[in-house]
Amino acid sequence: MTEAPSSSVNDDDREVVEKERAKLREFVTGLSADDIKSGGWFTKLCAQALRSYTEKATWEYFQEKYKGVPADGIVGQQIKLAAKNAMIEGGITSSLYTGTIAATIGSLGGASPATVPAGVVTFMIDLTYISQLQMRLAHDIAVIYRIPLDVDDPEDMMKLVRVAFGIKAGEVARGTIRFVPSVVRQVLKKYYSGPVLAAARSLPFVGRHLLQRNIIKFGIPGVGIPLTVLMNRYTTLAAGRHARSVFRDEAEVIELAETLIRRTRHLRLMLWVAWLVINADGKITDAERLLFQRLTRLARERHQVNDEQLANVIDIDPDEVWHRVSAETGDLSDVVDAAERVGAVDGDLNAHEKAVIAELQDRCRR
């Protein structure tokens, strides 16, 4: 089953996409063959796609645009809009593209460093448009959920790229297949191993991942426009839903940290207990790490509490924590409640976490 742009697409929608394509044509024609083959195009695109865009796409901007709409509603609308634009662009590109992608990408080998064949320009406009669209969508979702991202920070930038394109270590080959509907998956598995992708092997990880995904849209004979439109929509929806899942989960962790800091009557003790629970099973998940980072940051910013002794702990000693518990008087139910919520931040409590919390409950009752 294939899909085409819906009847809700109008001339204004197409004009918006055409204007962005025109900007990207200027960008692509400024690339050399070496930029494309080396993956340098992606680095340059990141700078162009995000730097000025992030200055406008702020939390205040979305609040003004969607007054009274909760974050989930705004995110859903952004994903829907991005998917529609991806479909429009796919239809435009497919109608323009006439060559075979294997020959086109292969022609880069004989191109001068300053010359890019016309077929590659068309291909690269599509690739840069979808890549830019999905990066900006992931950025928007992070902003709407109030997840701080600094595109000038390499760590934050790589996080955005990984979320936008669903990239995980060891999933290069599986990544392309994972984005494709089951209706064409078997065909792609065979096609993916073919010689048409040989030219992409020298690209860096992200560039290779994105190039391979784009080649598939144009490389299967007899599919053409329907597959291009479908895959543009599908990959954009997948990117948006993945970003929503990641950043919404992070927003929930940050919200939990705010709640725990606001409700506790024993801030220093709560931090020690939280760290003991997090370390109970000998491993720290991303959610646990984010939660504790947020707790300590809020403790510093709002209550000027900066526990250097805790910060210097390498291997937390339960007896040290129990000593601190016994030194407190009065109701410690807030500490117990915090421990339970910290333990559950990454899912159901495991046996180690349950044991620590049970010990805490017993000591707090005494």
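Return the residues of segment 326-366 that are without any contact (Cβ under 8 Å) to a residue 12 or more places away in the chain and closer than 20 Å to Leu290 by Cβ; say none if nothing qualifies.
Ala344, Gly347, Asp348, Leu349
Between residues in segment 260-274 that are touching a residue at least 60 places away in the same chain (Cβ under 8 Å) and residues that are of a type in the set (Phe, Trp, Tyr) and open to solvent by 10 Å² or more (accessible area, probe 1.4 Å), which pairs lie under 8 Å by C-beta distance while being six or more apart or on different chains?
From residues that are touching a residue at least 60 places away in the same chain (Cβ under 8 Å), the pairs are Ala274/Phe292.
Given Ala33, Ala86, which one is under 19 Å from the mean Cα position of the chain (by Cα) and assigned by the TED database to the domain that holds Leu160?
So the residue among Ala33, Ala86 that is under 19 Å from the mean Cα position of the chain (by Cα) and assigned by the TED database to the domain that holds Leu160 is Ala86.
Taking the options Glu26, Glu18, name whichever one is farther than 18 Å from Leu137 by Cβ, assigned by the TED database to the domain that holds Leu127, touching a residue at least 12 places away in the same chain (Cβ under 8 Å) and assigned to a helix (DSSP H, G or I).
Being farther than 18 Å from Leu137 by Cβ, assigned by the TED database to the domain that holds Leu127, touching a residue at least 12 places away in the same chain (Cβ under 8 Å) and assigned to a helix (DSSP H, G or I) holds for just one of Glu26, Glu18, which is Glu18.
Quick check on segment 271-283: of everything there that is open to solvent by 40 Å² or more (accessible area, probe 1.4 Å) and at pLDDT below 95, which residue is farthest from Asp249 (Cα to Cα)?
For segment 271-283, the residue satisfying everything is Gly282.
Can you tell me which residue in segment 298-325 is farthest from Glu359 (Cα to Cα), limited to those that are part of a helix (DSSP H, G or I), touching a residue at least 24 places away in the same chain (Cβ under 8 Å) and of a type outside the set (A, V, I, L, M)?
Within segment 298-325, the match that is farthest from Glu359 (Cα to Cα) is Arg302.
Has segment 126-145 got at least one residue that is within 18 Å of the chain's Cα centre (by Cα), surrounded by fewer than 14 Cβ atoms within 10 Å (Cβ to Cβ), at pLDDT 80 or above and closer than 27 Å to Lys84 by Cβ?
no
Among all residue pairs at least 6 apart or on different chains, which show Cβ distances below 7 Å where the first residue, located in segment 220-236, is within 8 Å of Ala86 (Cβ to Cβ) and the second is surrounded by fewer than 17 Cβ atoms within 10 Å (Cβ to Cβ) and at pLDDT below 80?
Arg233/Glu3
Would you mention how many residues in segment 327-360 are on the phi < 0 side of the Ramachandran plot and outside any helix (DSSP H, G or I)?
Total satisfying the criteria: 10.
Which condition from (1) surrounded by fewer than 18 Cβ atoms within 10 Å (Cβ to Cβ); (2) modelled with pLDDT of 95 or more; (3) among the small types (Gly, Ala, Ser) is the one that Ala257 breaks?
Of (1) surrounded by fewer than 18 Cβ atoms within 10 Å (Cβ to Cβ); (2) modelled with pLDDT of 95 or more; (3) among the small types (Gly, Ala, Ser), only one is false for Ala257: (1).
The values are calculated or read from the model by the stated rules, or taken from the named source; none is laboratory data. Just so it is clear, the model here is predicted, and its values are computed rather than measured. Methodologically, a virtual Cβ is constructed for each residue, glycine included, from the backbone with ideal geometry; neighbour enumeration extends over all protein chains shown. The protein model used for the area step is the full one, side chains on, heavy atoms only, and it has no ligands, DNA or RNA in it. Shrake-Rupley method; radii C 1.70, N 1.55, O 1.52, S 1.80 Å.
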